[in-house]
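The values are calculated or read from the model by the stated rules, or taken from the named source; none is laboratory data. As the structure is a prediction and not an experimental result, all values here were calculated from the model. Here Cβ is always computed from backbone atoms with ideal geometry, including for glycine, and neighbour counts include all displayed protein chains.
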Amino acid sequence: MSKKKRTIFRRGRRNFFTGLAVVLPVIISVGIALWLFNKAVDVSDILLYPFRFVPGVELTDIWKDGTPGSDLYFGWKVVAIVEAIVLTGLLGFLTRYYVGKKLVQLVDYVILNVPLLGKIYGTVKQVNQAFTSEKKSSFKQVVMVEFPRKGLFSVGFVTAEQVRTDEGESIISIFVPTTPNPTTGFLLVLPESKVTLLDMSVADGIKYIVSLGAVPPENAGGIQAAFKAEAERLLAKDV
(Lines give C-alpha, C1' and ligand atoms only; values in the text may rest on other atoms or scores of the structure.)
Protein backbone atom coordinates (compact mmCIF):
# COMPACT_ATOMS: atom_id res chain seq x y z
CA MET A 1 0.00 0.00 0.00
CA SER A 2 1.41 3.35 -1.05
CA LYS A 3 2.01 6.17 1.40
CA LYS A 4 -0.81 8.23 -0.18
CA LYS A 5 -3.32 5.38 0.21
CA ARG A 6 -2.26 4.82 3.82
CA THR A 7 -2.77 8.53 4.52
CA ILE A 8 -6.26 8.46 2.97
CA PHE A 9 -7.10 5.31 4.94
CA ARG A 10 -5.93 6.87 8.23
CA ARG A 11 -7.90 10.06 7.60
CA GLY A 12 -10.99 8.05 6.70
CA ARG A 13 -10.66 5.95 9.83
CA ARG A 14 -10.13 9.04 11.99
CA ASN A 15 -13.15 10.76 10.44
CA PHE A 16 -15.26 7.64 10.96
CA PHE A 17 -14.45 7.37 14.66
CA THR A 18 -14.93 11.13 15.12
CA GLY A 19 -18.36 10.88 13.52
CA LEU A 20 -19.13 7.76 15.56
CA ALA A 21 -18.36 9.66 18.77
CA VAL A 22 -20.96 12.25 17.73
CA VAL A 23 -23.64 9.86 16.43
CA LEU A 24 -23.37 7.01 18.94
CA PRO A 25 -24.68 8.93 22.00
CA VAL A 26 -27.66 10.10 19.90
CA ILE A 27 -28.42 6.58 18.68
CA ILE A 28 -28.15 5.11 22.17
CA SER A 29 -30.29 7.88 23.71
CA VAL A 30 -33.00 7.52 21.06
CA GLY A 31 -32.89 3.73 21.34
CA ILE A 32 -33.31 3.82 25.13
CA ALA A 33 -36.12 6.39 24.83
CA LEU A 34 -37.97 4.21 22.28
CA TRP A 35 -37.47 1.11 24.43
CA LEU A 36 -38.89 2.88 27.48
CA PHE A 37 -41.76 4.25 25.38
CA ASN A 38 -42.70 0.78 24.09
CA LYS A 39 -42.44 -0.74 27.59
CA ALA A 40 -44.69 2.00 28.96
CA VAL A 41 -47.17 1.30 26.15
CA ASP A 42 -47.17 -2.42 26.98
CA VAL A 43 -48.15 -1.58 30.56
CA SER A 44 -50.69 1.13 29.71
CA ASP A 45 -52.25 -0.81 26.81
CA ILE A 46 -55.05 -1.98 29.11
CA LEU A 47 -56.20 1.63 29.53
CA LEU A 48 -57.41 1.60 25.91
CA TYR A 49 -59.92 -1.21 26.46
CA PRO A 50 -62.83 1.17 27.30
CA PHE A 51 -62.44 2.78 23.85
CA ARG A 52 -63.92 -0.43 22.37
CA PHE A 53 -67.30 0.78 23.54
CA VAL A 54 -67.04 4.23 21.97
CA PRO A 55 -69.44 4.50 18.99
CA GLY A 56 -67.62 4.54 15.67
CA VAL A 57 -64.36 3.11 17.07
CA GLU A 58 -63.56 -0.41 15.90
CA LEU A 59 -60.98 -2.79 17.37
CA THR A 60 -59.06 -2.63 14.10
CA ASP A 61 -58.82 1.15 14.56
CA ILE A 62 -56.83 0.65 17.77
CA TRP A 63 -55.03 -2.69 17.40
CA LYS A 64 -53.51 -3.61 14.05
CA ASP A 65 -54.96 -7.12 13.94
CA GLY A 66 -58.12 -6.22 15.85
CA THR A 67 -57.13 -8.18 18.96
CA PRO A 68 -56.78 -6.32 22.29
CA GLY A 69 -53.27 -6.68 23.67
CA SER A 70 -51.63 -6.93 20.24
CA ASP A 71 -49.58 -4.27 18.47
CA LEU A 72 -51.08 -0.77 18.54
CA TYR A 73 -51.11 1.95 15.93
CA PHE A 74 -48.65 4.70 16.85
CA GLY A 75 -51.35 7.31 17.48
CA TRP A 76 -53.04 5.05 20.02
CA LYS A 77 -49.69 4.40 21.68
CA VAL A 78 -49.44 8.14 22.34
CA VAL A 79 -53.01 8.14 23.64
CA ALA A 80 -52.17 5.27 26.03
CA ILE A 81 -49.11 7.11 27.37
CA VAL A 82 -50.99 10.40 27.82
CA GLU A 83 -53.85 8.57 29.55
CA ALA A 84 -51.41 6.83 31.89
CA ILE A 85 -49.72 10.15 32.77
CA VAL A 86 -53.06 11.85 33.48
CA LEU A 87 -54.37 8.97 35.60
CA THR A 88 -51.09 8.76 37.54
CA GLY A 89 -51.25 12.49 38.26
CA LEU A 90 -54.88 12.15 39.31
CA LEU A 91 -53.99 9.28 41.63
CA GLY A 92 -51.20 11.37 43.15
CA PHE A 93 -53.64 14.22 43.67
CA LEU A 94 -56.17 11.92 45.41
CA THR A 95 -53.57 10.42 47.73
CA ARG A 96 -53.05 13.85 49.25
CA TYR A 97 -56.49 13.64 50.78
CA TYR A 98 -58.11 11.34 53.34
CA VAL A 99 -60.10 9.16 50.90
CA GLY A 100 -57.09 8.62 48.62
CA LYS A 101 -54.80 7.74 51.53
CA LYS A 102 -57.32 5.21 52.84
CA LEU A 103 -57.64 3.70 49.36
CA VAL A 104 -53.85 3.29 49.09
CA GLN A 105 -53.73 1.71 52.54
CA LEU A 106 -56.44 -0.75 51.50
CA VAL A 107 -54.56 -1.72 48.32
CA ASP A 108 -51.34 -2.13 50.33
CA TYR A 109 -53.10 -4.32 52.88
CA VAL A 110 -54.61 -6.59 50.21
CA ILE A 111 -51.43 -7.02 48.16
CA LEU A 112 -49.11 -7.43 51.16
CA ASN A 113 -51.25 -10.34 52.37
CA VAL A 114 -50.95 -12.24 49.07
CA PRO A 115 -48.26 -14.97 49.39
CA LEU A 116 -45.05 -14.23 47.44
CA LEU A 117 -46.57 -11.20 45.69
CA GLY A 118 -46.71 -9.40 49.04
CA LYS A 119 -42.97 -9.91 49.62
CA ILE A 120 -42.10 -8.59 46.16
CA TYR A 121 -44.51 -5.65 46.45
CA GLY A 122 -43.25 -4.72 49.91
CA THR A 123 -39.61 -4.71 48.80
CA VAL A 124 -40.29 -2.70 45.64
CA LYS A 125 -42.39 -0.18 47.59
CA GLN A 126 -39.67 0.35 50.20
CA VAL A 127 -36.98 0.88 47.55
CA ASN A 128 -39.25 3.24 45.61
CA GLN A 129 -39.99 5.29 48.74
CA ALA A 130 -36.29 5.51 49.53
CA PHE A 131 -35.50 7.02 46.14
CA THR A 132 -38.60 9.19 45.63
CA SER A 133 -39.30 10.51 49.12
CA GLU A 134 -39.90 14.26 49.15
CA LYS A 135 -38.93 14.54 52.81
CA LYS A 136 -35.29 13.66 52.43
CA SER A 137 -32.71 12.82 49.82
CA SER A 138 -31.72 9.17 49.48
CA PHE A 139 -28.11 10.15 48.83
CA LYS A 140 -26.99 12.68 51.41
CA GLN A 141 -23.30 13.19 50.66
CA VAL A 142 -20.65 12.07 48.18
CA VAL A 143 -17.78 10.33 49.92
CA MET A 144 -14.62 8.36 49.27
CA VAL A 145 -14.01 5.07 51.08
CA GLU A 146 -11.22 2.50 51.10
CA PHE A 147 -12.84 -0.25 49.04
CA PRO A 148 -12.68 -3.02 47.73
CA ARG A 149 -9.38 -3.56 49.56
CA LYS A 150 -6.76 -1.66 51.47
CA GLY A 151 -5.03 0.88 49.28
CA LEU A 152 -7.87 1.13 46.74
CA PHE A 153 -10.57 3.79 46.98
CA SER A 154 -14.10 4.11 45.63
CA VAL A 155 -16.59 6.96 45.36
CA GLY A 156 -19.90 6.34 47.14
CA PHE A 157 -22.90 8.02 48.75
CA VAL A 158 -24.01 8.31 52.35
CA THR A 159 -27.52 6.87 52.66
CA ALA A 160 -28.17 6.88 56.43
CA GLU A 161 -26.67 7.13 59.90
CA GLN A 162 -27.24 3.80 61.61
CA VAL A 163 -26.07 4.29 65.20
CA ARG A 164 -23.59 6.10 67.40
CA THR A 165 -20.92 4.32 69.39
CA ASP A 166 -20.30 4.94 73.10
CA GLU A 167 -17.44 7.21 72.04
CA GLY A 168 -19.87 9.33 70.03
CA GLU A 169 -18.70 8.24 66.57
CA SER A 170 -21.36 7.71 63.92
CA ILE A 171 -21.70 4.40 62.08
CA ILE A 172 -23.05 5.22 58.63
CA SER A 173 -24.30 3.34 55.58
CA ILE A 174 -22.45 3.94 52.33
CA PHE A 175 -23.71 2.88 48.90
CA VAL A 176 -20.86 2.31 46.42
CA PRO A 177 -22.35 2.05 42.90
CA THR A 178 -20.85 -0.01 40.12
CA THR A 179 -19.78 1.83 37.00
CA PRO A 180 -21.13 2.66 34.47
CA ASN A 181 -24.40 1.19 35.85
CA PRO A 182 -25.11 2.97 39.16
CA THR A 183 -28.31 1.00 39.86
CA THR A 184 -26.28 -1.85 41.35
CA GLY A 185 -23.47 -1.69 43.88
CA PHE A 186 -22.32 -2.52 47.38
CA LEU A 187 -23.64 -1.53 50.78
CA LEU A 188 -20.89 -0.68 53.27
CA VAL A 189 -21.37 0.06 56.96
CA LEU A 190 -18.41 2.06 58.24
CA PRO A 191 -17.42 4.32 61.13
CA GLU A 192 -17.38 7.98 60.18
CA SER A 193 -13.62 8.18 60.68
CA LYS A 194 -13.12 5.78 57.75
CA VAL A 195 -15.03 8.04 55.35
CA THR A 196 -13.65 11.04 53.44
CA LEU A 197 -16.25 13.67 52.50
CA LEU A 198 -15.96 15.05 48.97
CA ASP A 199 -16.88 18.62 48.11
CA MET A 200 -19.20 17.78 45.22
CA SER A 201 -22.94 17.49 44.64
CA VAL A 202 -24.77 14.17 44.44
CA ALA A 203 -25.62 14.88 40.78
CA ASP A 204 -21.94 15.44 39.98
CA GLY A 205 -21.07 12.27 41.87
CA ILE A 206 -23.47 10.22 39.76
CA LYS A 207 -22.15 11.76 36.53
CA TYR A 208 -18.61 11.08 37.67
CA ILE A 209 -19.41 7.39 38.23
CA VAL A 210 -21.50 6.85 35.09
CA SER A 211 -18.81 8.43 32.90
CA LEU A 212 -16.12 6.11 34.34
CA GLY A 213 -14.49 9.16 35.89
CA ALA A 214 -14.09 10.88 32.51
CA VAL A 215 -16.53 13.71 33.31
CA PRO A 216 -15.12 15.76 36.19
CA PRO A 217 -17.50 17.42 38.65
CA GLU A 218 -18.12 21.15 38.50
CA ASN A 219 -16.04 21.52 41.63
CA ALA A 220 -13.13 19.53 40.20
CA GLY A 221 -10.74 21.23 42.59
CA GLY A 222 -12.72 19.94 45.56
CA ILE A 223 -12.45 16.28 44.66
CA GLN A 224 -8.81 16.64 43.61
CA ALA A 225 -8.04 18.24 46.96
CA ALA A 226 -9.76 15.35 48.76
CA PHE A 227 -7.82 12.78 46.74
CA LYS A 228 -4.58 14.62 47.43
CA ALA A 229 -5.29 14.90 51.17
CA GLU A 230 -6.12 11.19 51.38
CA ALA A 231 -2.97 10.24 49.47
CA GLU A 232 -0.84 12.39 51.76
CA ARG A 233 -2.49 10.82 54.82
CA LEU A 234 -1.70 7.32 53.57
CA LEU A 235 1.89 8.26 52.76
CA ALA A 236 2.31 9.74 56.22
CA LYS A 237 1.06 6.50 57.79
CA ASP A 238 3.53 4.44 55.77
CA VAL A 239 6.37 6.63 56.96
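Just a few scattered comments:
- Every residue from the stretch 88-100 that is modelled with pLDDT under 85 and either small (Gly, Ala, Ser) or in contact with a helix residue (DSSP H, G or I) (Cβ under 9 Å, 6 or more places away or on another chain) (or both): Leu91, Gly92, Leu94, Thr95, Gly100
- Within the stretch 43-62, restricting attention to residues that are of a type in the set (A, V, I, L, M) and part of a helix (DSSP H, G or I), the residue that is farthest from the chain's Cα centre (by Cα) is Leu59.
- The stretch 34-80, residues that are in contact with a helix residue (DSSP H, G or I) (Cβ under 7 Å, 6 or more places away or on another chain) and charged (D, E, K, R): Asp45, Arg52, Lys77
- Assessment of the stretch 74-89 against the conditions (among the acidic types (Asp, Glu) and not in a helix (DSSP H, G or I)) yields no matching residue.
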